[in-house]
1. Going by a ≥ b ≥ c, the root eigenvalues of the Cα gyration tensor, does segment 4-131 fall in the rounded group (a/c under 1.5), the prolate group (a/b larger than b/c) or the oblate group?
2. Only Cα pairs under 8 Å and at least 6 apart count here; give the relative contact order of the chain as a rounded whole percent.
3. Students often forget the sequence filter, so: which lysines lie under 18 Å Cα-Cα from residue 379 once same-chain residues fewer than 8 apart are removed?
4. Could you list, bin by bin from short to long, the percent of Cα-Cα pairs of segment 146-375 in 10 Å steps?
5. Work out, step by step, the length gained on full extension between residue 389 and residue 27: first 0.36 nm times the residue separation, then minus their alpha carbon distance; give nm to one decimal.
6. Compute the distance in nm between two label points, each set 7 Å from the Cα along the Cα-to-Cβ direction, one at residue 184 and one at residue 442.
7. Just to confirm a number: summing +1 for Lys and Arg and -1 for Asp and Glu over residues other than residue 336 whose beta-carbon lies under 11 angstrom from that of residue 336, what do you get?
8. Between exposed chymotrypsin sites (Phe, Trp or Tyr not before Pro) in the chain, where DSSP calls loop and at most 12 other Cβ atoms lie within 10 Å, what's the longest gap?
Amino acid sequence: MAYRVGMISLGCPKNQVDAEIMMAALERENFEIVDYFNGADAVIINTCGFIDDAKKEAIDNILSAVELKKEGIVKKVIVTGCLAQRYQSEILDEIPEVDAILGIGTNAEIPILVRKVIDGEQLLSFPPNCSLPLNGKRVLTTPEYWAYLKIADGCSNRCTYCTIPSIRGDFRSREMQDILDEAQQLALSGVKELIVIAQDTTSYGIDLYGELKLPELLNALCEIDGIEWIRLLYCYPDRVTDELLEVMSSQPKVVHYIDLPLQHIDDKILTAMNRRGSSEEIKTLIEKMREKIPDIVIRTTFITGFPGEGEEEFETLAEFINKTEFDRLGCFVFSPQEGTPANDMPDQIEDSVKTRRSEVIMQDQYEIVSVKNNERIGKTFRVLVEEYDGYTDSYVGRTYMDAPEIDGLVKFTCSRELNEGDFVDVKIFSQLDYDLLGEVIE
Ligand code: SF4
């Protein structure tokens, strides 16, 4: 009889792909992956652990699973992912009911280790993080018409607030042919949108080929039949080259969307964060991108309350955001993490001040988006149909301006029946918060 295993994957899409690879490995070894945990032999919590909110979510999920174990609903609780890698046996000290803590380097051995745990062993295993498998068959957890394509793992940048390099190791690119083979398989399975991810997508190839290879990879991905949209997430400003912009502007399949975390704009803070690139270089890049690709949609993220961020530095950031008018923006409050240089920096900012600053940023951004959405009224956009809403007899979808799970949506009506994964042309007639409202034009 097959052992039944449940998987909860938390955090970023890179961690999600790791979970998909683990689930496929388990299925290959005759485990049954179950959505409903009642009677599961084991539950795997694939955790995130890079900032406090993520750690809290991971601990909450572990404690819920332990409760299920106490109630006899599940037999074993296994913790994998970044929190496991970062804190290792400390988790067991805090939550002794857990049956295994497995570092990211164990992902390739998951079937063997899970079987050992179900057979009664309590395990702690932390092989080198570089043994994390970057490729392998996956059980997709995204809708069948779009998928993440992870092209590398780890990070060799050293932002002073970030724990990711210490958790996932240095940057490791996948072989290009291996990525293309996977993309081909995804296309054959019905995937139309590929979302290209890594901790630093723009560094692709620098380690393996000694040069930046993302433009070449994108050109090759565009050759794959069936793929209609290719979207870039997690780009590092100073590696957004002219060559990359040329590919983005000339290849119709590469959507005019870029996720470009900037974190701050004040030069004193950028230096303290150990971010490459000055405020002038960042501003020049944004001008260049908008000149080269006039309809480019820029998503970015900022951190408020970094040590040393006085009112003046914060004003610099707020002014920049209001002047630049990003299409999509997220804002984190600085979360000091032990083991990072920023954790020990002087001039730490009070939590209430950090939070107030991020609220100011997000309020400004809300107004910027509503003005931009107003300008989109009357225009027609190609929309990827995501679901039908029977309650309002309408559909929900995304334009090229919307990455899944983080950006806005389009809610629209259509006189004929549509399928998820279809592309339709939608004329926008209104907006609601971050979303657009429209109707299909035949
Ligand atoms: S680029 Fe910086 S913030 Fe991003 S994963 Fe690397 S070190 Fe962390």
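1. Values: a/c = 1.32, a/b = 1.09, b/c = 1.21.
Judged from the Cα gyration tensor, segment 4-131 comes out rounded (a/c under 1.5).
2. 9
3. Within the straight-line limit of under 18 Å, residue 379 reaches these lysines: 411, 427.
4. P(r) over segment 146-375, rounded to whole percents: 8, 30, 34, 22, 6, 0.
5. 127.0 nm
6. Distance between the two pseudo-spin positions: 4.0 nm.
7. Charge balance near residue 336 sits at -3.
8. Values: sites that count: 36, 391.
Between exposed loop sites, the widest span is 37-390.
The values are calculated or read from the model by the stated rules, or taken from the named source; none is laboratory data. None of the values given here were measured: they were computed from a predicted structure. Here the Cβ is made from the backbone with ideal geometry for all residues, glycine too, and neighbour counts use every protein chain on show. Heads up: the accessible areas ignore ligands, DNA and RNA and are worked out on the full protein's heavy atoms, side chains in. Shrake-Rupley method; radii C 1.70, N 1.55, O 1.52, S 1.80 Å.
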